Amino acid sequence: MALTRLVHYVSTWAKKGLPGYCAFCLSPGQTSGGWCQECFEQLPWNMNACWQCKEPLDVGDVASVQSVCGHCREQPPAFTAATAELLFEGPIRELVHDFKFNASPRAGMLLVELMMAKAPSCLGEGLLPVPMHAVRARQRGFNQSHWLADQLGKRVKLPLITAECSQQMPSQRTLSRKERAKNLVGAFHINGPLPSHLTIIDDVVTTGATCQALAEEALRAGAKRVDIWTVARTPLAHN
């Protein structure tokens, strides 16, 4: 089924909810995750990506499954590895927007199921959701990263670690990596001690600047290794 049709169907499912039917094509006989196998296979999977930041690589750059992008080679990030198995496009973009800006619990639960379908093999000893400034959280009504982390924590039986965002920043969506990084200097604070290995939870990795700043703070507070687990990755070429 074409991705454009998937976008239409997933919007309908997220708004109305049809238990027992595939979330993407509305056909009966869904799997336990909420989708049929055909639609699951046609989702925009993030294949051939940098294992450290999940930036998609050109086919010519993929030497092995351990390939690392040029940016991570030149400026190694504070986090060790990332899991973002989908691309932020088509039906995934539609789902994330419905969850994030319309607070759709159905869309949120489907995102959780998609994350669990390709979960990291090692998550450490705790999940760290990306924090949101209190003013922005009140405006939106909830912190989508914390909601995802809470649902995932129940599945993988790991505690949530709390960080604080002390700076009220403008929307980061239209900013470059450098601009985002500049805005995020000193934005996060975590009270230690922390477990030696933890995993940051967010909805989408766009430039990686937010996770980089939070990972730096986690390492400062005592963690030895920080990983990332998100729904999707936005290719840097689209930013």
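The values are calculated or read from the model by the stated rules, or taken from the named source; none is laboratory data. Small disclaimer: the values here were computed from a predicted structure and weren't measured. Here the Cβ positions follow ideal geometry from the backbone for every residue, glycine too, while neighbour counts run over all protein chains shown. All accessible areas refer to the heavy atoms of the entire protein, side chains included, with ligands and DNA or RNA removed. Shrake-Rupley method; radii C 1.70, N 1.55, O 1.52, S 1.80 Å.
If you go through the range 205-229 and keep only what is buried (at least 21 other Cβ atoms within 10 Å of the Cβ) and outside any helix (DSSP H, G or I), you end up with V205, T206, T207, G208, A223, V226, D227, I228, W229.
Does the range 125-136 contain at least one residue that is open to solvent by 40 Å² or more (accessible area, probe 1.4 Å) and within 18 Å of V231 (Cβ to Cβ)? No, every residue in the range 125-136 fails to be open to solvent by 40 Å² or more (accessible area, probe 1.4 Å) and within 18 Å of V231 (Cβ to Cβ). Within the range 13-59, the set of residues being open to solvent by less than 40 Å² (accessible area, probe 1.4 Å), at pLDDT 50 or above and assigned to a helix (DSSP H, G or I) comprises C39, F40.
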